[in-house]
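What follows is a set of notes on a single structure, which appears directly below.
Each value in this text was obtained by applying a stated rule to the coordinates, not by laboratory testing. Values in this document were obtained by computation on a predicted structure and should not be read as measured data. Every residue, glycine as well, gets a Cβ built from its backbone with ideal geometry; the counts of neighbours run over all protein chains shown.
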């Protein structure tokens, strides 16, 4: 079958240019969405009397047959069709005859593809949100079972203060919750119908845009036909949100990679989520978090690609927009696989070395702030207390000892307010327990957060 636009041209298209122009190799992913879009359009044309009810029914039945054939593996979109839209139209005409040629009345591939990609993205946003929920539940279960497990907290990658491991993982729960909220906001802007904008100026054909919007589950319609076919903000918003999700996955991955090193030994990988070396028999490699960390750059690259595409295109539709689909398709696959992999890793791929963690918080100066706070409780000004503790730290370093190794008499050489209870105050469990300010790592505060999250996640 000749190209739909071929009557305008005298010569044939160069074969390479034909292949270069074609998008069927990747936009075939939109086949189900394109069929649903066309069914809604056909029903609308019947409602507005542009098509007879018989013609509309014929088209709808033909499109449903094509859908069934595709789902059963009897139909596979491919070249020489230029794109998925023309491929389905061609298939429909072959199936039902001349009536199939009436389907495209009152629309363009410009508003058609805009509708298809929104339908596809809406569905996949919902799937990603569900995967984020599963990940959050995995994080919650680790937190719930490690309330009293302590881990060194870091700033500038230097030991800072001891934390509840539960508190540490709840931080990631908060991050991924913001990601879900952003996804929900993106979904709202995705869920606006451009169908009926036609090529760019609307149409003189009698149409009902609100009808097709409702049929396809859209919340609203674009109010400007030019904006409707040229808007790709929602694509960039989705990719931007995906980039943030990947950044959070990458941060968690980086920590896991560090935790399972011999140098940290805070955790170990199980055989279910690790691989070995082809040369070094002793190795157990953290491939999952490393791949997630690497794939983050891939998603960032797609964001830059889309931003660059958009910046230079004049209104309205331009062929440049053909390049928005492959990044979106790839990101959905990438982010979905990364979320699944991280969830599996948390569920069955990592075991924490509780003894090593406790040893770590017992053998450093991360309770120094608590030493200063102790003096503050004795009415010593904080800045003076801070300087006193700095002197004590220097003293301990010269002696190669820790605060717990000091005698009370040694403490009192720095300030007379030090009493016997200082040793109890400096114990890591008590240090963490005392951090009961709102949002702090204190056990009572973390318990409150665990209850909140259990309710929010419907666990």
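What's the FRET efficiency of residue 204 with residue 333 using the Cβ-Cβ distance as r and R₀ = 45 Å, to the nearest 0.05? Mind dumping the intermediate values first?
On the way: r = 41 Å, r/R0 = 0.92.
For R0 = 45 Å, the calculated efficiency reads 0.65.
PRE reach from residue 454 (point 7 Å along Cα→Cβ): which of segment 113-141 fall under 17 Å by backbone N?
Label zone hits: 137-141.
Sort the following peptides by mean Cβ neighbour count (other Cβ atoms within 10 Å, averaged over residues), highest first: 198-205, 395-402. All intermediate terms of the calculation are to be shown ahead of the outcome.
Numbers: 198-205: 15.1, 395-402: 12.1.
Order by mean packing, descending: 198-205, 395-402.
Would you work out the relative contact order for segment 62-142, in percent, from Cα pairs under 8 angstrom that are 6 or more residues apart? Present the calculation step by step, with values, prior to reporting the outcome.
Numbers: 25 pairs, mean separation 16.3, N = 81.
Relative CO of segment 62-142 lands at 20 percent.
Over the chain, what is the relative contact order in whole percent, taking alpha-carbon pairs under 8 Å and six or more residues apart?
Details: 591 pairs, mean separation 72.0, N = 459.
Over the chain, the number comes to 16 percent.
Report the antiparallel proportion of the DSSP beta bridges in the chain as a percent, rounded to a multiple of 5.
85 percent
Calculate how many DSSP beta bridges within segment 125-257 are antiparallel, expressed in % of all such bridges and rounded to the nearest 5.
Values: 6 of 8 bridges.
Counting DSSP beta bridges with both partners in segment 125-257, the antiparallel share is about 75 percent.
Mark the label point 7 Å from the Cα of residue 271 along Cα→Cβ and return the residues of segment 334-354 whose backbone N is within less than 19 Å of it.
Backbone N within reach: 345-352.
If packing is taken as the average count of other Cβ atoms within 10 Å, what order do 228-237, 274-283, 48-57 fall into, highest mean first? Each step should come with its number before you reach the end.
Numbers: 228-237: 20.3, 274-283: 9.9, 48-57: 15.4.
Highest to lowest by the protection proxy: 228-237, 48-57, 274-283.
Going by the alpha-carbon gyration tensor, a ≥ b ≥ c the square roots of its eigenvalues, is segment 6-105 rounded (a/c under 1.5) or, if a/c is not under 1.5, prolate (a/b greater than b/c) versus oblate?
Oblate, because a/c is 1.5 or more while a/b does not exceed b/c.
By count of other Cβ within 10 Å, fewest leading, how are 43, 455 ordered?
Ranking 43, 455 by Cβ neighbours within 10 Å, fewest first, gives 455, 43.
For the chain, what ratio Rg/Rh do Cα atoms give with a Kirkwood hydrodynamic radius? Could you put the intermediate results ahead of the total?
On the way: Rg = 30.7 Å, Rh = 26.5 Å.
Ratio of gyration radius to Kirkwood radius: 1.15.
Taking the 0 to 90 degree range and rounding to the nearest ten, how far is the long axis of helix 165-190 tilted relative to the main principal axis of the chain, both from C-alpha atoms?
Helix 165-190 sits at roughly 20 degrees to that axis.
Please tell me the relative contact order of segment 110-356 in percent, rounded to the nearest whole number, where contacts are Cα pairs under 8 Å and at least six residues apart.
On the way: 320 pairs, mean separation 56.0, N = 247.
Worked out over segment 110-356, it gives 23 percent.
In the P(r) worked out for segment 360-456, what percent of Cα pairs fall beyond 18 Å? Write out the running numbers ahead of the final one.
Numbers: 2343 of 4656 pairs.
Tail of P(r) above 18 Å: 50 percent of Cα pairs.
In degrees between 0 and 90, to the nearest 10, how far off the longest principal axis of the chain does helix 382-399 point, with axes built from Cα atoms?
With rounding to tens, the tilt is 70 degrees.
Calculate, for residue 409 and residue 429, the FRET efficiency according to 1/(1 + (r/R0)^6) with r their C-beta to C-beta distance and R0 22 Å; round to the nearest 0.05.
Numbers: r = 25 Å, r/R0 = 1.15.
It comes to 0.30.
Could you work out how far the C-alpha centroid of segment 130-192 sits from that of segment 242-320, in angstrom?
The distance from the Cα centre of segment 130-192 to that of segment 242-320 comes to 17 Å.
Would you work out if segment 110-356 is rounded, prolate or oblate? Take a ≥ b ≥ c from the square roots of the eigenvalues of the alpha-carbon gyration tensor; rounded if a/c is under 1.5, else prolate when a/b is larger than b/c, oblate otherwise.
Prolate, since a/c reaches 1.5 and a/b exceeds b/c.
So how tilted is helix 368-377 from the main axis of the chain? Cα-based, degrees 0 to 90, rounded to 10.
Roughly 70 degrees between the two axes.
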